[in-house]
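Engineer: Following this message is one structure expressed as structure tokens.
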Amino acid sequence: MSLSSSISLFLLLCLHSTSQAYAQSTSTSSISISVPTAAPNGAFQVSPSLVSLSIEGDRWAEWAGSDSPNTFFINVLSNLKTYTGTPPMLRVGGDSEDNTNFDPSATSDEDVYPPASPTNIFPEASSVVVGPSYYASSQYMPSGTQMIWGVNFGTDNTTAATLEAESILGAFQSSAVKNANVSLHLLEIGNEPDRYVLTKRRPSSYDFKAYVAEWSAFVAQVSSAAGFSGANSPGLMGLSLGHITTAGFTTQNGLSGGLLQTSAGKLITTMSQHHYQGSTTSGIARIGDLMDKKLIRGNLTAFSDDITATRKAGLKYDLGETNTYSGHGILNISNSAASAIWLVDYSLQAATLGVERLFFHNGIGYAYNLIQPVALNKSLSGIPLQTPLAAHVQPAYYGALVVAEFLGNSSSRTITELSTSSDTLAGYALYTPSGLSSVVLINSAPFLSSTSGSRPITSVNLGLAGMTMNVKRLAIGRTDDTSGLSWGGQSFETVAGTPGGTLSTLNVSADQSINVSASEVVLLKFA
Ligand SMILES: *[C@@H]1O[C@H](CO)[C@@H](O)[C@H](O)[C@H]1NC(C)=O
Ligand SMILES: *[C@@H]1O[C@H](CO)[C@@H](O)[C@H](O)[C@H]1NC(C)=O
Ligand SMILES: *[C@@H]1O[C@H](CO)[C@@H](O)[C@H](O)[C@H]1NC(C)=O
Ligand SMILES: *[C@@H]1O[C@H](CO)[C@@H](O)[C@H](O)[C@H]1NC(C)=O
Ligand SMILES: *[C@@H]1O[C@H](CO)[C@@H](O)[C@H](O)[C@H]1NC(C)=O
Ligand SMILES: *[C@@H]1O[C@H](CO)[C@@H](O)[C@H](O)[C@H]1NC(C)=O
Ligand SMILES: *[C@@H]1O[C@H](CO)[C@@H](O)[C@H](O)[C@H]1NC(C)=O
Ligand SMILES: *[C@@H]1O[C@H](CO)[C@@H](O)[C@H](O)[C@H]1NC(C)=O
């Protein structure tokens, strides 16, 4: 036996005897976190729609509703608006964006799908043909909704792109959409152009320089034909990069490589980077790694320089398409309670780095969805269902609820991360013009259905004297649960998507320690 394996055996024995000796008691660690009572210098402003949604365009008509609104989807968007006063922003696009053509006589949308397979259970359409009513369905969104619409650049057809852009602008100038107070925030022309060589849309020589030349000429032509070059035009979401940094496709080159000096580039107000924390094809994925505090920070700080440079150039920086694992998510991880914990830490961490918004990508039947907006005829793993699975929210949606309530509906807000000595406990504080407004505590230690023994607790002392706080908990059974969560005692897994059950929170003195269990999130609101 080698020295190292005898040491591991020794450690194993110690752990074993410890767990036997204390089998009945809960493992509790205590930490103190200092919470500044006023916003620290340099704390970033946060948008109330920090957590926004990206919807794969092929099935938009089902999300929104074509002849009448999809009330389930509207209700779950409205729940978020109740907390922040602003509905999530919606980006409609993704791969479908570059597969879309326009036909004025088309019904809402006419799609061609490749056959489903075990590795692609809910495939994306290979061809989407839309007519005017496709864009007009925007009228069903909650009042105050701002939208970003994708336009096809991938097939390099200016006629098709112009028809799409005209139809989008027409829809948003119609009285139906105007009366609904739904507005067009930006157009996005092309999705992940850095991947066009791989998707066989462009020759292997296609590099960033070629992209700038082609895109700016294309957009100049489309914008003058469709009439969005004037002062009243929507801005553009720029770059929308996937994750290929070769051939010069980087945000830094987007800022300094001549793009912004072109007439089309001058319409760009927001730089968009797509990011998934992992991929369905990158080997073994573990639930604990998804929520891991250090790994989340590693994923996001990789963009720090880009965010700083973008803000310095006077533009906004969005994660314009994001989620847990690219390729529609990993079953039993992306749709587990782990994704709710991940979403809270990931979104708020991004906010502290200066990200304006994160657009969590959703399609119909994808494992990583926050929302399944219509009934599914087969399970997420592809098993045909006798009784369709009704529209419902998935665990990640609860993460969005937590963030929305944390952000609240003040006229302005800044965020700071609280420094802690723990690898599994993260905290953030939010400040409004009247001072400290809320704190969220995230315990990202897994507590899986395979874990035996009692649930570890971290007891957190914030050292705030003379204040009262309202305590609200995101209750999770086990980290790998795929349903049955509750937010302040209320379930959102209801037929209509509206909260069910009685709201349950507790008011306590702020000098009291707060227990946060493994895989639990606690929101503290200060009076
Ligand atoms: C309409 O939406 C905008 C956001 O686009 C919002 O600022 C405004 O308050 C809304 N108006 C009404 C009457 O709700
Ligand atoms: C470009 O789009 C137009 C309008 O949909 C269509 O009529 C035309 O066939 C397309 N051109 C090509 C080369 O696909
Ligand atoms: C991002 O997180 C995943 C685990 O969820 C990890 O495998 C990967 O290494 C992280 N990436 C970075 C750049 O830290
Ligand atoms: C997901 O979890 C369910 C329920 O535990 C199980 O039956 C199924 O085999 C799991 N699927 C995968 C792909 O892990
Ligand atoms: C389920 O089947 C019905 C009837 O065939 C169909 O209209 C609906 O689009 C299907 N739903 C999904 C999510 O595929
Ligand atoms: C903000 O939310 C609180 C409840 O959290 C509500 O009482 C208040 O009316 C809201 N204010 C606005 C301007 O929406
Ligand atoms: C907590 O206090 C607030 C006022 O500070 C009050 O509106 C609320 O009802 C209280 N909640 C509970 C659960 O006692
Ligand atoms: C925190 O958890 C510990 C261990 O289970 C328990 O003894 C203590 O009463 C809890 N404190 C509160 C305020 O619930």
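Engineer: Where does each of 157-163, 176-182 land if you order them by average Cβ count within 10 Å, highest first?
Structural biologist: Result, highest mean Cβ count within 10 Å first: 157-163, 176-182.
Engineer: Let me know the shape class of region 396-527, please: from the alpha-carbon gyration tensor, a ≥ b ≥ c as square roots of the eigenvalues, rounded when a/c is under 1.5, otherwise prolate if a/b is greater than b/c, or oblate.
Structural biologist: It comes out oblate by the Cα gyration axes.
Engineer: Please work out how much length the chain gains when fully extended from Ser117 to Ser513, using 0.36 nm per residue of separation minus the C-alpha to C-alpha distance, in nm with one decimal.
Structural biologist: 137.5 nm
Engineer: By what distance, in whole Å, do the Cα atoms of region 142-184 stretch along each of the three principal axes, largest value first?
Structural biologist: Computed over region 142-184, the largest-to-smallest principal extents equal 34, 16, 8 Å.
Engineer: Towards the positive end of the charge dipole of the chain, with charges on Cβ (+1 Lys, Arg; -1 Asp, Glu), say which of Gly327, Gly408, Gly278 has the farthest Cα.
Structural biologist: So the residue we want is Gly408.
Engineer: Let me ask something else. Enter the mean projected area of the convex hull around the alpha-carbon atoms of the chain, in nm², rounded to one decimal.
Structural biologist: On the way: hull surface 109.9 nm².
Mean projected area of the Cα convex hull: 27.5 nm².
Engineer: Continuing with this model, one more query. Specify the inter-centroid distance of region 277-295 and region 478-511, based on alpha-carbon positions, in whole Å.
Structural biologist: For region 277-295 versus region 478-511, the Cα centre distance is 26 Å.
Engineer: Hey, can you grab everything whose amide H is under 5 Å from the amide H of Asn515? Only 5+ residues off in sequence or another chain; H modelled, so Pro and N-termini drop out.
Structural biologist: It is Val460, by chain and number.
Engineer: Place the peptides 491-503, 471-483 in order of packing, highest mean first, counting for every residue the other Cβ atoms within 10 Å and averaging per peptide.
Structural biologist: 471-483, 491-503
Engineer: Hey, another quick one. What does the C-alpha gyration tensor say about the overall shape of region 450-492? Classify as rounded when a/c is under 1.5, otherwise prolate if a/b is larger than b/c, or oblate. Can you show the working numbers first?
Structural biologist: Values: a/c = 4.75, a/b = 1.51, b/c = 3.14.
Oblate shape, in that a/c is at least 1.5 and b/c is the bigger or equal ratio.
Engineer: Right, another one. Checking the table Lys200/Lys316; Lys266/Lys312; Lys81/Lys312 against a 22 Å threshold on Cα-Cα, which pairs fail? Write down the numbers at each step before the final one.
Structural biologist: Working: Lys200/Lys316 30 Å; Lys266/Lys312 16 Å; Lys81/Lys312 30 Å.
Cα-Cα > 22 Å for Lys200/Lys316; Lys81/Lys312; rest within.
Engineer: What are the ³J(HN,Hα) couplings of region 403-419, residue after residue, when phi is run through the Karplus curve with 6.51, -1.76, 1.60 and θ = phi - 60°? Round to Hz, x for glycine and proline.
Structural biologist: Along region 403-419, the couplings run 4, 4, 5, 4, 6, x, 10, 5, 5, 8, 7, 10, 10, 9, 7, 8, 7 Hz.
Engineer: Given Cα pairs under 8 Å that are at least 6 residues apart, what percent is the relative contact order of region 49-407?
Structural biologist: In percent, rounded to a whole number, it is 18.
Engineer: Another one. How do the peptides 132-143, 286-297, 322-333 rank, highest first, by the average count of neighbouring beta carbon atoms within 10 Å per residue?
Structural biologist: Ranking, from highest mean packing down: 322-333, 132-143, 286-297.
Engineer: When the label point is put 7 Å from the Cα of Ser233 along its Cα-to-beta-carbon vector, which residues of region 129-153 have a backbone N closer than 20 Å?
Structural biologist: Inside the label zone: 147-153.
Engineer: If each residue of separation counts as 0.36 nm, what is the full-extension length gain between Asp423 and Gln386 once their alpha-carbon separation is subtracted?
Structural biologist: Answer, rounded to one decimal: 8.8 nm.
Engineer: Now for a separate question. Please find the FRET efficiency linking Asn179 to Ser491, where r is the Cβ-Cβ separation and R0 is fixed at 30 Å, and quote it to the nearest 0.05.
Structural biologist: Using R0 = 30 Å, I get an efficiency of 0.35.
Engineer: Round to the nearest 0.05 the FRET efficiency obtained for Lys200 and Thr82 when R0 = 45 Å and r is the Cβ-Cβ distance.
Structural biologist: 0.50
Here, each number is a calculation from the coordinates, and none is a lab measurement. For clarity, every value in this text was computed on a predicted model and none was experimentally measured. Quick reminder, even Gly has a Cβ in these numbers, built from the backbone with ideal geometry, and neighbours come from all protein chains shown.
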